[in-house]
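**Q** Quick one: the structure is below, and I'll ask about it shortly.
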Ligand code: FEO
């Protein structure tokens, strides 16, 4: 059984993961209509991953005697300045999510809920990967600059970055 405090905080995390999914989806749509097809593919796939992060929380809360709540999710931005801007926002967003997961672990420690703390270890590890991936892509974009021809090369490289990332998972 989880405490009300842990349950509420896990439900808050559901909202954040749901927002993450919508944010990536919105970014994917922008990239697709702007002609960045590999970027769009990456972002659509990531929107699905975020939905799975959210659903994992649903199962956990309900399995532990709580009630997972479908949240109202605010509308994400729909316009972005560039592919660089997209990944810069992703990096900032993932750093914020990592902070939220760490706070949540802190609540579990305060409540002496070591089972939930253990469950959250998966998210802690996932956030290390997510931040690294976003940072890696951002570094690449910084080297290439915003030149359209070079972005074509970035698009080509993105598939191999994704492949490398999948191999390390
Ligand atoms: Fe579910 Fe990108 O954090």
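**Q** How would you rank 114, 42, going from fewest to most other Cβ atoms within 10 Å of each one's own Cβ?
**A** Values: 114 10, 42 24.
By the 10 Å Cβ count, ascending: 114, 42.
**Q** Same structure, new question: Return the Rg/Rh value of the range 39-110, two decimal places, where both radii are evaluated on C-alpha atoms and Rh is the Kirkwood radius.
**A** Details: Rg = 15.1 Å, Rh = 14.6 Å.
My calculation puts Rg/Rh at 1.03.
**Q** Next up: Would you mind checking the tilt of helix 148-168 against the longest principal axis of the Cα atoms of the chain, expressed as 0 to 90 degrees and rounded to 10?
**A** Approximately 40 degrees, to the nearest 10.
**Q** Another one. Mind jotting down the distance between the C-alpha centroids of the range 52-72 and the range 96-169, whole Å?
**A** Going from one Cα centre to the other spans 22 Å.
**Q** Which order results if 161, 101 are arranged by neighbouring Cβ count within 10 Å, fewest first?
**A** Working: 161 16, 101 19.
By the 10 Å Cβ count, ascending: 161, 101.
**Q** Compute the helix-to-body angle for 114-144: its Cα long axis versus the longest principal axis of the chain, expressed 0 to 90° and rounded to tens.
**A** With both axes taken from Cα atoms, the answer is about 10 degrees.
**Q** May I pose another question? Relative to the first principal axis of the alpha-carbon coordinates of the chain, what is the inclination of helix 37-63, with its axis defined by its Cα atoms, in degrees from 0 to 90 and to the nearest 10?
**A** That helix lies at roughly 0 degrees to the long axis.
**Q** If neighbour count is taken as other Cβ atoms inside 10 Å, put 21, 82, 160 in order from fewest to most.
**A** On the way: 21 22, 82 13, 160 9.
Ranking 21, 82, 160 by Cβ neighbours within 10 Å, fewest first, gives 160, 82, 21.
**Q** Which number do you get for Rg(Cα) / (2.2 N^0.38 Å) in the range 60-153?
**A** On the way: Rg = 17.8 Å, N = 94, 2.2 N^0.38 = 12.4 Å.
Relative to the rule-of-thumb radius for its length, the range 60-153 sits at 1.44.
**Q** Averaging sequence separations of C-alpha pairs under 8 Å and six or more residues apart, then dividing by the length of the chain, give the relative contact order as a whole percent.
**A** Numbers: 155 pairs, mean separation 45.4, N = 169.
In percent, rounded to a whole number, it is 27.
**Q** Report the gain in length on full extension from residue 103 to residue 45: 0.36 nm times residue separation, minus Cα-Cα distance, nm rounded to one decimal.
**A** Values: separation 58, 0.36 × 58 = 20.88 nm, distance 2.71 nm.
Length gained, residue 103 through residue 45: 18.2 nm.
**Q** Based solely on its DSSP helices, what 222 nm [θ] is calculated for the chain when runs of n ≥ 4 H residues each add -39,500 (n - 2.57) and the sum is averaged over all residues, nearest 500 deg cm²/dmol? Numbers along the way, then the final one.
**A** Numbers: 5 runs with 137 residues, N = 169.
That comes out to -29000 deg cm²/dmol.
**Q** Please work out the ratio of the alpha-carbon Rg of the chain to 2.2 N^0.38 Å and round it to two decimals. All intermediate terms of the calculation are to be shown ahead of the outcome.
**A** On the way: Rg = 17.2 Å, N = 169, 2.2 N^0.38 = 15.5 Å.
Expressed relative to 2.2 N^0.38 Å, the Cα Rg reads 1.12.
Since every read-out is calculated from the coordinates, none of them should be taken as a lab result. These numbers were taken from a predicted model, which means no experiment stands behind them. For neighbour counting, all protein chains shown are included, and Cβ atoms are generated from backbone atoms with ideal geometry for every residue, glycine included.
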